[in-house]
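All remarks here apply to the structure that follows.
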Amino acid sequence: MKKIQMVDLITQYENIKSDVDTAIQEILSKAQFINGPYVKQFQSDMEEYLGVKHVIPCANGTDALQIALMSLDLQPGDEVITPSFTYIATTEVIALLRLKPVFVDVNEDDFCMDVEHLKKVITSKTKAIVPVHLYGQAANMEEIMKIADEKGIKVIEDNAQAIGCDYKFSDGTIRKTGTIGHIGATSFFPSKNLGCYGDGGAIFTNDDELAAKMRMIANHGQSERYYHDVVGCNSRLDSIQAAVLVIKLKKLDEYIAARNKVAEYYDNELSKIPGIRVPERTPQSNHVFHQYTLQLEGVDRDGLHKFLAEKDVPSMIYYPVPGHKQKMFASFGLSDSDLPVTDTLTEKVLSLPIHTEMEQEQLVFICEAIKEFVGK
Ligand SMILES: *Cc1c(COP(=O)(O)O)cnc(C)c1O
């Protein structure tokens, strides 16, 4: 049996090797490393795939979030609401820009922003909300947009884990996550569902004015060459990454289907085991399974993690320390945030290997190992 990995990027590469090698070779031979034709092509392919007016490629997902926030002309101390139960980048950029992070709890069933709690933490200083579509399933965007629009608050979707996810509104309309808020931000880190071979990211919006501004911010605040209107940053997607993404975007729906097949197998094998809660599906979106995350109740989570590791089966805890308990925010007065679901989830979650190239015998092996541990 092939070694089990959280993500198998080598086998995935082998399956698209000739296309990737040809494209990279072409870039090398033309020395079009920055702003070459592949960057333009990826931008328009992505706009078409998402059904969004503007895609702005940038250097990584953290930059995408930062540029999005920078475009909103916020003042130091303005409040930005985001879940504590997410990857650190989301909150870090808020703090970096001298804005005030305010944490909202998540739902136990879909791991995304709890809308009732959101209503309670909004104040007159709230200027933006950053929902995260954690693990590949959408937050309740319809409700979040309703709340935000009523109060004139901007919404930036952190779509780093849910690219390709379809959100369904109550009237039946379907839109891709990342294109519902005023701005969407995503990452093409290699292990994401649409990953390149280095760092990469992108920002999405349907707003022409915001798009122009964010393009300018990502390029040293430049309006025309050597004329700099605002303080920006330097954040580009390079040509090699764009070429990889052009090739992989064509396969994204196939990749999502492969991840769902793995999830279905896990569901069937694990859902009946007492103490193991398999990921629930929300009615408002499909699941693109960036992670397949169990909740363990009455089963020793850390013991299972170790037991699997001894059998060469990796598993991960995303995330062991929530934002409000991170040292980096010690001076932000966030440590006593009242986030009961977040606090218990960090003790209960365990993510299993899931990727586009998983083999049946690997899945059997993983599930047998879990059953062996639980039966002990
Ligand atoms: C990966 C990730 C990011 C950051 O993306 P980078 O490309 O690594 O900067 C931000 N938010 C979430 C939820 C992520 O999973």
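Read the figures in this text as sums done on the coordinates, not as results from a lab. Keep in mind that this is a model prediction, so the values were computed, not measured. Positions of Cβ are backbone-derived with ideal geometry, glycine not excepted, and every protein chain shown enters the neighbour counts.
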Rounded to whole Hz, the Karplus (6.51, -1.76, 1.60) HN-Hα couplings of the range 159-168, x for glycine and proline: 9, 4, 10, 9, 4, x, 6, 9, 9, 10
Note on the range 242-352: contact order normalised by length, alpha-carbon pairs under 8 Å, 6 or more apart, percent, works out to 27
Of all GluC sites (Glu not before Pro) in the range 1-108, the ones in DSSP coil with at most 16 other Cβ atoms within 10 Å are Glu108
Among the listed pairs Lys120/Lys176; Lys176/Lys213; Lys176/Lys306; Lys146/Lys272; Lys125/Lys250; Lys127/Lys192, those beyond 31 Å (Cα-Cα): Lys176/Lys306; Lys146/Lys272; Lys125/Lys250
5 angstrom amide H check on Val106, placed H, neighbours 5+ away: Asp114, Val341, Thr342
Just round it to a whole percent: the fraction of Cα-Cα distances in the range 1-132 exceeding 22 Å. 59
P(r) weight above 18 Å for the range 252-374, C-alpha pairs, percent: 57
Using alpha-carbon positions, what is the distance between the centroids of the range 108-150 and the range 200-222, in Å? 23
Just grab the label-to-label distance for Asp300 and Asp208, each label 7 Å out from Cα along the Cβ direction, in nm (one decimal). 6.4
Note, ³J(HN,Hα) from phi for the range 181-191, Karplus 6.51, -1.76, 1.60, rounded to Hz, x at Gly and Pro: x, 5, 9, x, 10, 9, 10, 10, 3, x, 8
Return the whole-Å distance between the Cα centroid of the range 317-376 and the Cα centroid of the range 2-51. 30
Pop out the Kirkwood hydrodynamic radius of the chain from its pairwise C-alpha distances, inverse of mean 1/r, in Å to one decimal. 21.4
Expressed as a whole-number percentage, the relative contact order of the range 1-109 with C-alpha contacts under 8 angstrom and at least six residues apart is 17
In whole Hz, the Karplus estimates of ³J(HN,Hα) for the range 102-119 (6.51, -1.76, 1.60; θ = phi - 60°; x where Gly or Pro) are 10, 8, 10, 6, 10, 7, 6, 7, 10, 6, 9, 2, 7, 5, 5, 5, 4, 4
Can you list residues whose amide H is under 5 Å from Glu357's amide H, if they're 5+ apart or on another chain and H is modeled 1.01 Å from N? Asp8
Using the Cα gyration tensor of the range 76-157, with a ≥ b ≥ c the square roots of its eigenvalues, what is the shape: rounded (a/c below 1.5), prolate (a/b larger than b/c) or oblate (neither)? oblate
What residues qualify as long-range amide H neighbours of Ile129, i.e. H under 5 Å apart, gap of 5 or more or another chain, H built at 1.01 Å from N? Ile81, Lys154, Val155, Ile156
